[in-house]
1. From Cα pairs below 8 angstrom and at least 6 apart in sequence, can you work out the relative contact order of the chain, rounded to a whole percent?
2. Report, to the nearest whole %, how much of the accessible area of the chain belongs to carbon and sulfur atoms, 1.4 Å probe, protein only.
3. For region 16-90, which GluC sites (Glu not before Pro) are in a loop by DSSP, counting at most 11 other Cβ atoms within 10 Å?
4. Which whole-Hz ³J(HN,Hα) couplings does region 54-65 yield from phi under the Karplus relation 6.51 cos²θ - 1.76 cosθ + 1.60, θ = phi - 60°, glycine and proline marked x?
5. Amide H of Ser36 versus every other amide H placed in the peptide plane: which residues, excluding those fewer than 5 positions away on the same chain, fall under 5 Å?
6. Mind checking the chain for trypsin sites (Lys or Arg not before Pro) that DSSP puts in a loop (not H, G, I, E or B) and that have at most 11 other Cβ atoms within 10 Å?
7. Could you identify which residue out of Ala68, Ala46, Ala21 has the top mean-square fluctuation in a GNM of the chain using Cα springs shorter than 10 Å?
8. Build a GNM of the chain with springs between Cα atoms under 10 Å: which of Gly35, Gly49, Gly64 gets the top mean-square fluctuation?
Amino acid sequence: REGSMPAAGVVEERLRASALAPIHLQVQDTSDGCGSKFELVVVSQAFEGKTLLERHRMVHEALGDAMADIHAVSMKTWTPAQLQAKQATQ
């Protein structure tokens with residue numbers, strides 16, 4: 001285990017080091033500091049051609065045993081093109 005590293009830091013580190021190689025990553029702890037609930041935005045070319053369920057499984061796999069400490073996670077898993085489209089409409 002990573003020891004005293006904050007849970008959000010562990011989540012971010014695992015995702016950045018994974019095969020997902022995210023080009024954009026947001027990790028927000030929504031658990032009032034206890035590190036058990038997160039909202040994630042992960043943008044990766046690896047999501048291209050994958051279903052939503054496949055994308056979520058990829059994130060879960062990247063988090064590995066860190067998932068044992070997470071009680072709830074909300075994910076937005078986008079391709080770079082999807083992120084561009086969302087930014088264009090804002």
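1. 29
2. Result for the chain: 49 percent of the exposed heavy-atom area is carbon or sulfur.
3. Answer in residue order: Glu48.
4. Working through the residues one at a time gives 4, 4, 5, 5, 4, 5, 4, 5, 5, 6, x, 5 Hz.
5. Those qualifying (amide H under 5 Å, at least 5 residues apart or on another chain) are Ser31.
6. Here the sparse-neighbourhood loop sites are Arg1.
7. Taking springs between Cα atoms under 10 Å, the residue moving most is Ala68.
8. Maximum fluctuation in the GNM of the chain, among the listed residues, is at Gly49.
The values are calculated or read from the model by the stated rules, or taken from the named source; none is laboratory data. These numbers come from a predicted model, not from an experiment. Positions of Cβ are backbone-derived with ideal geometry, glycine not excepted, and every protein chain shown enters the neighbour counts. Surface areas here come from the heavy atoms of the whole protein model, side chains and all, with no ligands, DNA or RNA. Shrake-Rupley method; radii C 1.70, N 1.55, O 1.52, S 1.80 Å.
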